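Heads up: the structure comes next, in structure tokens.
The values are calculated or read from the model by the stated rules, or taken from the named source; none is laboratory data. Bear in mind that the values here come from a model prediction, so they are computed numbers and not experimental data. Glycine gets a Cβ as well: all are built from the backbone with ideal geometry, and neighbour counts include every protein chain shown. For accessibility, only protein heavy atoms count, side chains too; no ligands or nucleic acids. Shrake-Rupley method; radii C 1.70, N 1.55, O 1.52, S 1.80 Å.
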Amino acid sequence: MRKTSCLFAISMLLALVAASGSCGHRAPRVEGNYVYEHGWNYDISEGHIDVHETGTMDFFQDGTALDSARQVYSVTLSDGGKVKWVFNYISPSRWRVEGEDFYFAGEEDSFRMELIETFTEGSDEQAELAARIIKSVSGGIGRETKFHLAELSRDELVWSYTYPDGHTDTWEFRRR
């Protein structure tokens with residue numbers, strides 16, 4: 001009788017450990033507050049754009065998020081001119097994880113991208129270009145994008161995206 005009770009207790013303990021994860025260690029969770037820096041560039045008919053952003057990303061348990069960033073757009077125009085804009089970027093968003101896939105989309109209704117500073121005296125044409133950039137970003141913000149969840153640890157979240165042209169871009173978020 002005693003041997004049966006002991007085996008039962010051991011099997012219950014093993015079942016509890018298995019149900020709670022390996023030896024009581026829980027997998028890292030996405031939820032939390034992160035800081036990040038990211039940059040990218042692209043060409044447009046008017047010239048070349050380099051973008052650098054610094055921001056915070058807050059992921060909440062209910063599948064919502066808040067992406068807040070200061071984005072600096074440095075534009076080298078085809079005619080040799082240069083202009084630099086600073087935008088305030090606020091994107092309430094939604095997210096979900098399925099295996100190694102991280103799905104993310106902004107909420108169109110509450111998205112904001114505001115021009116807060118211009119470093120170069122610009123022409124009306126340059127002001128129109130800044131407005132077009134805002135319109136372009138706003139127009140695609142609600143599209144859900146599938147990222148690859150490259151890393152999720154206690155201190156870091158890393159996701160990547162491979163564009164149709166084959167190049168991959170990576171975002172690294174550091175937990176605060």
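Count of segment 119-171 residues, restricted to those that are in contact with a strand residue (DSSP E or B) (Cβ under 6 Å, 6 or more places away or on another chain), among the acidic types (Asp, Glu) and open to solvent by 50 Å² or more (accessible area, probe 1.4 Å), is 3.
Pairing residues of segment 49-66 that are within 16 Å of Ala105 (Cα to Cα) with residues that are part of a loop (DSSP other than H, G, I, E, B), at Cβ distances under 6 Å and at least 6 apart in sequence or on separate chains, gives Phe59/Val30; Phe59/Glu31; Gln61/Glu31.
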